Amino acid sequence: MVAAAAVFAAAPPSVAVPAEDGVSSLYGSENRTMPTRARVVALTFNAAWETEGLDTVLEVLRRQHAPATFFLTGDFADRHPDAARAIAAAGHGIGNHSYNHPHFETLQPGERAAEVLRADRALRAAAGTTPLPFFRFPYGDTTPQEIAEVNALGFADIEWTTDTKGYLGPAGGMTVPKVVQRALDALRPGAVIQMHVGSDGQDTVLDADALPRIIDAVRARGYEIADLRDSLGGRR
């Protein structure tokens, strides 16, 4: 693996910076849970399409006093800078989800690095804040080599314990109760729940609709909503 310090010595200051020790301890791993025995779970949202459902999600999180981490593509941030700023202003963490959401296995190493760093620049410009040193692979497709490449750029790979599949929408056979049940079926200490904002062309955003029920049900089962920044050491 190329040392992160060597990468960033040659990189412009507007791109990522070397990760802290707490984050580098996650290197070399496909991290799908938080390393804890406490009864906590993390809520995460991917954003690569449009902004439908985001206002609802942010309001529910505010009302329920629940933190979340949003993994944005750089393309989303460039097209919707107001949305990126709203997420940051609400106090939630912003992670890197590549620029164009490609299948990474189809790219060469230099192309993969360009996807990560271009997204980092876009997130910084749109949100007006420093993104987390967390990267989530498009489609969740990872390989040890690709994880090593991302680590060398200063990012830990953060995936998920379960995807609610709300993004499939009614056309994909999903409903709000099914979304909630998928989240509850994955409950365990340190679970990371993946959801999505944007409708991908459908009329509803099931993850936004299901979020209040997910939070209430998780808490009713004795779990707290944790912040990935605290649990994984991503605060700058």
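Observations on the model:
- The residue that is farthest from TYR139 (Cα to Cα), among those in region 187-205 that are open to solvent by less than 10 Å² (accessible area, probe 1.4 Å) and at pLDDT 95 or above, is GLY190.
- Extreme residue, farthest from THR204 (Cα to Cα), among residues of region 164-186 that are surrounded by 18 or more Cβ atoms within 10 Å (Cβ to Cβ) and not aliphatic (A, V, I, L, M): ARG182
- The residue of region 182-212 that is farthest from PHE70 (Cα to Cα), among those that are acidic (Asp, Glu) and within 18 Å of the chain's Cα centre (by Cα), is ASP200.
- Residues of region 106-132 satisfying the condition of being open to solvent by less than 30 Å² (accessible area, probe 1.4 Å) and under 12 Å from ASP75 (Cα atoms): GLU115, VAL116, ALA119, ASP120, ALA122, LEU123, ALA126
- Options ILE87, ILE94, ILE147; residue that is of a type in the set (A, V, I, L, M, F, W, C), at pLDDT 95 or above and farther than 29 Å from GLN202 by Cα: ILE147
- Pairs are defined by a Cβ separation below 6 Å, a sequence spacing of at least 6 or placement on different chains, a first member in region 30-53 that is on the phi > 0 side of the Ramachandran plot, and a second member that is open to solvent by less than 30 Å² (accessible area, probe 1.4 Å); the pairs so defined are GLY53/VAL197; GLY53/VAL205; GLY53/ALA208.
- Residue check, ALA122 under 16 Å from the mean Cα position of the chain (by Cα), within 27 Å of GLY201 (Cβ to Cβ), outside any loop (DSSP other than H, G, I, E, B) and touching a residue at least 40 places away in the same chain (Cβ under 8 Å): yes
- Being more than 15 Å from the chain's Cα centre (by Cα), part of a helix (DSSP H, G or I) and closer than 23 Å to VAL192 by Cβ is a description that applies to ARG112.
- Considering THR69, THR56, the condition of being closer than 25 Å to LEU168 by Cα, open to solvent by less than 10 Å² (accessible area, probe 1.4 Å) and not aliphatic (A, V, I, L, M) is satisfied by THR69 alone.
- Residue match in region 133-148 (condition: in contact with an Asp or Glu (Cβ under 8 Å, 6 or more places away or on another chain), open to solvent by less than 10 Å² (accessible area, probe 1.4 Å) and more than 21 Å from VAL23 (Cα to Cα)): no
- Here PRO102 fits the description: touching a helix residue (DSSP H, G or I) at 6+ places or on another chain (Cβ under 7 Å), open to solvent by 10 Å² or more (accessible area, probe 1.4 Å) and part of a loop (DSSP other than H, G, I, E, B).
- Test: ILE225 is open to solvent by less than 30 Å² (accessible area, probe 1.4 Å) and within 18 Å of PHE104 (Cβ to Cβ): no
- Helices (runs of 4 or more DSSP H) lying entirely in region 132-221 (those with 2 or more residues that are closer than 26 Å to LEU26 by Cβ, touching a residue at least 60 places away in the same chain (Cβ under 8 Å) and out of contact with any Lys or Arg (no Cβ under 8 Å at 6 or more places or on another chain)): 144-152, 206-220
The values are calculated or read from the model by the stated rules, or taken from the named source; none is laboratory data. Please read all numbers here as calculations on a predicted model, not as lab measurements. Ideal geometry is used to build each Cβ from the backbone, glycine not excepted, and the neighbour counts take in all protein chains shown. Keep in mind that these areas ignore ligands, DNA and RNA; they rest on the heavy atoms of the full protein, side chains included. Shrake-Rupley method; radii C 1.70, N 1.55, O 1.52, S 1.80 Å.
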